[in-house]
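The values are calculated or read from the model by the stated rules, or taken from the named source; none is laboratory data. All values reported here derive from a predicted model rather than from experimental measurement. Cβ coordinates were reconstructed from backbone atoms using ideal geometry, including for glycine residues, and neighbour counts include every protein chain displayed. Accessible surface areas use protein heavy atoms only, side chains included; no ligands, DNA or RNA. Shrake-Rupley method; radii C 1.70, N 1.55, O 1.52, S 1.80 Å.
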Amino acid sequence: MNALAATNRNFKRAARLLGLDSKLEQSLLIPFREIKVECTIPKDDGTLASFVGFRVQHDNARGPMKGGIRYHPEVDPDEVNALAQLMTWKTAVANIPYGGAKGGIGCSPSDLSISELERLTRVFTQKIHDLIGIHTDVPAPDMGTNPQTMAWILDEYSKFHGYSPAVVTGKPIDLGGSLGRDAATGRGALFATEALLNEHGKSIAGQRFVIQGFGNVGSWAAKLIHEQGGKVVAVSDITGAIKNEKGIDIESLFKHVKETRGVKGFHDAHPIDANSILVEDCDVLIPAALGGVINKDNANEIKAKYIIEAANHPTDPEADEILSKKGVTILPDIYANSGGVTVSYFEWVQNIQGFMWDEKKVNDELKTYMTRGFKDVKEMCKTHNCDLRMGAFTLGVNRVARATVLRGWEA
């Protein structure tokens, strides 16, 4: 089942639990606007190249739309629609005043020079500048984009609208980016894990963790879990997978990854098959890489008691059912990885106020939001007698539905 079908299915189940009428349900699903633009740039060798840029703006009932911009060769419209919709529910679960969006350009960033990427980003911004904005739609980095991409968008947008640092988040610190943004998704996943374990009378310390993915989210989660006394026993990335029953020394692993660009060959752990990372023996499994990795083929083999979805849509619906029968508790992506968008919100607030926070305030506020978010999700689980995924979906959908009705938008 693809991401869009799975997201629609979760939405429909939540709508049924909430008893939404069918017209309102339909209007919540349809995107507010889909934008598709041609971006033609001169390449360094003087030839012209054309790329397709797009933006799906899903819902703005609760505030400006918010979501990443990805540069990737295979940009699937269905997936972008699903991710835009997920952002609508995710921002509502986090209780920040945004709706959902997603976009990008169909290109291979590794095949383009820095100056070609800059020209492409600026042309894309010229085409959509009147459709994004501080109070309309606020982009952020995603796959294949980074703070530098956001700096180019900010500069190009500002040529039309005056200096507007709040038009994008995930910016470099020197242009109004927030301290703590880099670690935000990983740190949010840590706070989410803490909230879940505390409810079961446990803490991070002494638990055994397996982390799939050692990019921004996975590496920060590993570092912070290690600092709290958690034992990270296995880690994987695109280069391979490693394991040490006694616990991997994360600081040494960071140095190794910096030098060799991957976890493969780390001296203080033995290599294992990357495909077996999800079924290694542990207490807590954190998929922090790609979607759809936990499926009906491997769900029966999973030994973890808790799964924290730091990636988007890592668990297929079929796997969901198998795991719930096994008694595995899954903390869903729309809550577990919302630390990133929450700190993006803090960045936007700081830019609008023109007053920057220190890192301690950012992290303290994030902890408050993640802890309160968990309580809100649990409340919905009790009300509707459902699991955490449906608790989060009913929470998000209910907040968006209420805003839609209050604004007089229902059909």
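A few comments on the model shown:
- Shape summary of the stretch 163-205, radius of gyration then Dmax from alpha carbon positions: 15.5, 50 Å.
- Centroid-to-centroid separation of the stretch 334-407 and the stretch 280-332 [C-alpha atoms, Å]: 23
- Equivalent-ellipsoid semi-axes for the stretch 8-104 (Cα gyration tensor, √(5λ), whole Å, largest first): 32, 13, 11.
- Burial ranking of peptide ranges 176-183, 34-41, 103-110 (average Cβ count within 10 Å, highest at the top): 176-183, 103-110, 34-41
- Table column - 3J(HN,Hα) (Hz), the stretch 176-191, Karplus curve with 6.51, -1.76, 1.60, x for Gly and Pro: x, x, 8, 4, x, 5, 4, 8, 4, 5, x, 5, x, 4, 4, 4
- Karplus-based coupling profile of the stretch 211-225, in residue order and whole Hz: 10, 9, x, 10, x, 4, 5, x, 5, 5, 4, 4, 4, 6, 5, with θ = phi - 60° in 6.51 cos²θ - 1.76 cosθ + 1.60 and x standing for Gly or Pro.
- Rg/Rg_globular for the stretch 120-166, with Rg_globular taken as 2.2 N^0.38 Å and Rg from C-alpha atoms: 1.03
- Cα point-scatterer Debye curve for the stretch 276-341, base-10 log of I(q)/I(0) at q = 0.26 Å⁻¹: -1.19
- For the stretch 190-239 versus the stretch 91-122, the gap between their alpha-carbon centres in whole angstrom: 28
- Residues with amide H under 5 Å from that of Gly230, placed H, sequence gap 5 or more: Gly206
- Residue-averaged [θ]222 nm for the chain, counting only DSSP H segments that reach four residues, each worth -39500 (n - 2.57): -14500 deg cm²/dmol
- Each peptide among 209-215, 265-271, 332-338 gets the average number of other Cβ atoms lying within 10 Å of its residues, and from highest to lowest they stand as 332-338, 209-215, 265-271.
- Counting only Cβ charges, +1 for Lys and Arg and -1 for Asp and Glu, the dipole size of the stretch 49-191 around its Cα centre is about 420 debye.
- The stretch 4-109 - percent of accessible surface contributed by carbon and sulfur, probe 1.4 Å: 50
- Convex hull volume of the stretch 372-411 per residue (C-alpha atoms, cubic angstrom): 67
- All lysines inside 18 Å of Lys255 as judged from Cα atoms, apart from same-chain residues fewer than 8 positions distant: Lys223, Lys243, Lys264
- Averaging 1/r over each pair of different alpha-carbon atoms in the stretch 127-246 and inverting the result gives 16.6 Å, the Kirkwood hydrodynamic radius.
- Hydrodynamic radius of the stretch 315-355 by the Kirkwood approach over all distinct alpha-carbon pairs: 12.6 Å.
- The stretch 279-411: Cα Rg divided by the 2.2 N^0.38 Å rule of thumb: 1.23
- A dipole drawn for the chain from +1 and -1 charges on Cβ atoms has a positive end, and of Pro141, Thr169, Ser252 the residue lying farthest that way is Thr169.
- Mean separation of Cα contacts under 8 Å, 6 or more apart, over the residue count of the stretch 143-239: relative contact order %: 21
- Note on the chain: GNM, Cα springs under 10 Å; of Asp137, Asp44, Asp320, the largest mean-square fluctuation is that of Asp44.
- Cα-centred dipole magnitude for the chain, charges only on beta-carbon of K, R (+1) and D, E (-1), debye, nearest 20: 1060
- Ala49 long-range amide H proximity, modeled H, under 5 Å: Ile41, Lys43
- Intensity falloff of the stretch 205-305 expressed as log10 I(q)/I(0), Debye formula with alpha-carbon point scatterers, at q = 0.16 Å⁻¹: -0.59
- Our summary gives the chain a relative contact order of 17 percent, counting only alpha carbon pairs under 8 angstrom and 6 or more residues apart.
- Solvent-free Debye scattering, log10 I(q)/I(0), computed from the Cα coordinates of the stretch 246-315 at q = 0.11, 0.18, 0.24, 0.27 Å⁻¹: -0.32, -0.82, -1.18, -1.25
- Note on the chain: GNM, Cα springs under 10 Å; of Asp376, Asp237, Asp364, the largest mean-square fluctuation is that of Asp364.
- Above 30 Å, the calculated P(r) of the chain contains 41 percent of its Cα-Cα pairs.
- Accessible solvent surface per residue of the stretch 214-372, calculated while the other protein chains remain in place, 1.4 angstrom probe, Å²: 44
- Dipole of the stretch 202-331, positive direction: furthest Cα of Ala274, Gly291, Gly230, with charges on the beta-carbon: Gly230
- Normalising by residue count, the stretch 175-229 has a Cα convex hull of 77 Å³ per residue.
- Radius of gyration and Dmax over the Cα atoms of the stretch 345-411, both given in Å: 15.9, 45
- Karplus-derived HN-Hα couplings along the stretch 124-131 (A = 6.51, B = -1.76, C = 1.60, θ = phi - 60°), whole Hz, x at Gly and Pro: 4, 5, 4, 6, 10, 4, 8, 10
- Rg to Rh quotient for the stretch 47-188, alpha carbon positions, Kirkwood Rh: 0.95
- Pairs from Lys296/Lys326; Lys303/Lys367; Lys202/Lys375; Lys90/Lys367 whose Cα-Cα separation, in the structure shown, is over 19 Å: Lys303/Lys367
- Scanning residues 5 or more positions from Ile35 or on other chains, those with amide H under 5 Å from its amide H are Arg55, Val56, Gln57, with H placed 1.01 Å from N in the peptide plane.
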